[in-house]
Each structure stands twice: as structure tokens, then as C-alpha cells.
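Please read the structure below before turning to the comments.
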Amino acid sequence: MLSASVPPVRAYEQLPGPGADERTGVEADMALEMRDRCERCETVALPQEADARICSYECTFCVPCGDAMRGVCPNCGGELVPRPRRRTGS
């Protein structure tokens, strides 16, 4: 039986994960690395607002190279999807 001074753990309360700050237990924010070059042709500049393709490991390719590879990352074999865009200051 639990002591009256220890509240029960609710289902949504979990221990901090591996990305948590050791001092606070709060999960760290993780952001995509917005790479500025295609990893295949290396000649196309990819600014943050440009269309690009990425895999789950953040391998980055321009749209023509992504299409030429039929949407499959040559590094990990994963799916290439449209890279999300960051909001610009309004």
C-alpha cells in the first residue's frame, strides 16, 4: 500500500525521456536542421523557404533530385517527403 504522502502516478505522467534536461526533467526542443544544399547535386542552393525533400534523418535534396531518386533516400532507404517550411516573422 502506498503512503498517504505519495500521490499516485497518473497515466499521462511519465518519467523524463532521454532528451530531457537533467535538472528540470523537461524535454528539449528539437528542430530540423534546415540544410542549404542538395546532398546529391550540391549545386542547388536551398534557402529555408525553398521546396526540398527530406528523409527522417534529415538528408536533404532538391525537388529534381528527389524526383530522380523516386522519393527514396539513397543514404537510408527511407521515404523522401516535402520539407516543412518555417514561419517567417510577421
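Under 5 Å between amide hydrogens, built in the peptide plane, is the criterion, and for V44 it picks out C38 among residues at least 5 positions away or on other chains. Along the range 54-60 the Karplus relation, 6.51 cos²θ - 1.76 cosθ + 1.60 evaluated at θ = phi - 60°, assigns HN-Hα couplings of 9, 9, 5, 9, 6, 4, 10 Hz to successive residues, with x for each Gly and Pro.
The H on the amide N of V72, modeled in the peptide plane, is under 5 Å from the matching H of L80, each at least 5 residues off or on a different chain.
Using the average count of surrounding beta-carbon atoms within 10 Å as a protection proxy, the listed peptides 44-53, 75-84, 57-66 rank, highest first, as 57-66, 44-53, 75-84. Less than 5 angstrom separates the built amide H of R83 from those of A52, R53, I54, all sequence-distant by 5 or more or on a different chain.
Read the figures in this text as sums done on the coordinates, not as results from a lab. Given the structure is predicted, the values throughout are model-derived calculations rather than measurements. Positions of Cβ are backbone-derived with ideal geometry, glycine not excepted, and every protein chain shown enters the neighbour counts.
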